[in-house]
Structures are given as C-alpha cells and as structure tokens.
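The values are calculated or read from the model by the stated rules, or taken from the named source; none is laboratory data. Values in this document were obtained by computation on a predicted structure and should not be read as measured data. Glycine also receives a Cβ, built like all others from the backbone with ideal geometry; neighbour counts cover every protein chain displayed. Accessible surface areas use protein heavy atoms only, side chains included; no ligands, DNA or RNA. Shrake-Rupley method; radii C 1.70, N 1.55, O 1.52, S 1.80 Å.
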Amino acid sequence: MTTILQTQIPYNPLSTKALPGIQPLAPQDWLLPDDAFSAQMKERERLLAHHRDQVLMLADHAMPAAQELLHLVLEHLYPQHRGDQLERLDESGIELDWEDPLGTLGRITQQDFCILEKQGDEHVMTGAVLCFPASWTLSEKYLKPLIGIHQTVAEYDVGIGKRVQRLFNGVQVGRPLWRFNSLWYHDPSLFQPRSQHQPRDKVNEAEAGYMRSEKQMILRLPESRAVVFCIHTHVVTRANVFAQWGKQ
C-alpha cells in the first residue's frame, strides 16, 4: 500500500482545546485542497470501487439532502463546471451521477461527509461517504443519533453530548463551524476502520512516526436543513509536524 502524506497541517495540531473545541469557520475555508489531493483521490477511487459497502451508506429519505450537498460542493469547488462532466482538480475527468450523490462526492473532493438529520430531539446519521475512517466503522454509526455515534469516546459524557446537540441545533446556514483532533499513529494508512468491540491499538506517542489530524467541519444545508459533518484528514510525519510547529 502506498503511503499518502501531507507535508504540513494548516493549523497547530499540538495545541489542545477542551471538547468540543468549536470555532467559527470562514466559508471559503471549507473545502481547501492540499498537496496530497491527487494521491488521496486515487485512494478514494480505489475504496469506492472495491469497498463501497464499507465506505458509503445512504437512507432513501436522505437522498434529497445528499443531492443538495453535492450541488453545494460543486458550487464551491467547481463553479465553472457545466453539465454532468467535470475536470477534477488533478485534471481527471469525472462523470457526475445525481442518483449516486455521495459516491460522486467521494470522487471529486478529499473530504469525507456525514449527513445528520433531526429526528425527534436528536440528529441521526442518515448517510455518509467515509473513505478514511480513523478507528471507527461506518456500519456501527449509521442511523445512530449523536450520543450513540460517540458512545465509545470516553470524554463524550452527557454534558458534552448536550453541548454538541445544541451546536447541531444552532449552526446557521452560511456560518460553518470547525474543530480538530490529533492522534499519534504507527500506521499511516488512511483507511483504518475498527469495530467498537475491538480494543484500540496501544500507541507509544514518543515513538509513533505519524500524526493523524482531522479538520472537522459542521455546516447546515439551506433547503433540507440537514447538518453536514465534513472531515479533512491529514497524515504527516513526526519530523514534519515538529519542523512546522516545534515541540509544545
């Protein structure tokens, strides 16, 4: 397997913020490509072709939200596209399939996307294209509410759960939010699913060679009112992290 790495992370992943650590995000900073774009897109193509049932799930009733999200991404990242064909940023030709909006999204941008729709008092994951899971499995989170999605996160207690639900209730159209996480890994692979019933690999942080950091963004779709959780995955060598940000 080819190792796919960025050379930098566009924020300081060594700084720490208490959960949920949310900040405002400038709308133009939503879908920023980076130096790993071409290599990550090839890996996404491979996963969608050979592991589609593991990386893409969509409830029938979430199709309108998924199509709305595809339209929004095209408007933001490919404003010059016309018809059902586009030239991806790495100059690959891509056919748009509006009956497979999440599959199309997975082939035109680096980010993963989870769609969450309000059902009762909670937001439920009704669709996702998740090519780069970091120690979790889409099938175990699909059609679960926020508290169920995060049940294996030790820090995600009832209080944090209520705060996150308020964020999802309150996020406004055109005013996205973001946070980041960062963990040391021995394995730089992008596709790392792990069942919630399996123990997490123990990592010696002082010896791990790679930092994996997700820029996680939250935005609201204007028509369906669904909330999108968007993930941009960075994997950078230990040496490059410290060269860029120094030791904290």
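Below are the figures for this structure:
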read-out: Difference of contour (0.36 nm per residue) and Cα-Cα distance, Asn169 to Phe37; value: 44.3 nm
read-out: GNM result for the chain, Cα springs below 10 Å: residue of Tyr185, Tyr11, Tyr210 fluctuating most strongly; value: Tyr11
read-out: Of Asp187, Asp53, Asp121, the one that fluctuates the most in a GNM where the chain has Cα springs shorter than 10 Å; value: Asp121
read-out: FRET efficiency, 1/(1 + (r/R0)^6) with R0 30 Å, evaluated for Ile160 and Gln198 via beta carbons; value: 0.80
read-out: Given [x] 12.2; [y] 14.7; [z] 13.3, the label whose value is mean projected area of the Cα convex hull in nm² derived from this model; value: [z]
read-out: Value at 222 nm in deg cm²/dmol, rounded to 500, when DSSP H runs of n ≥ 4 in the chain each add -39,500 (n - 2.57); value: -8000 deg cm²/dmol
read-out: Qualifying lysines (Cα of each under 20 Å from Cα of Lys17; at least 8 residues distant if same chain); value: Lys162, Lys215, Lys247
read-out: Extension gain from Asp187 to Gln54, taking 0.36 nm per residue of separation minus the Cα-Cα distance; value: 45.9 nm
read-out: The chain - percent of accessible surface contributed by carbon and sulfur, probe 1.4 Å; value: 50
read-out: Accessible area per residue, Å², segment 74-129 with all protein chains present, probe 1.4 Å; value: 44
read-out: Reach of Lys42 by Cα under 13 Å, taken over aspartates and glutamates that are not fewer than 8 positions away in the same chain; value: Asp90, Glu91
read-out: Cut-off 14 Å, label 7 Å out along Cα→Cβ of His71, residues of segment 213-243 by amide N; value: 221-226
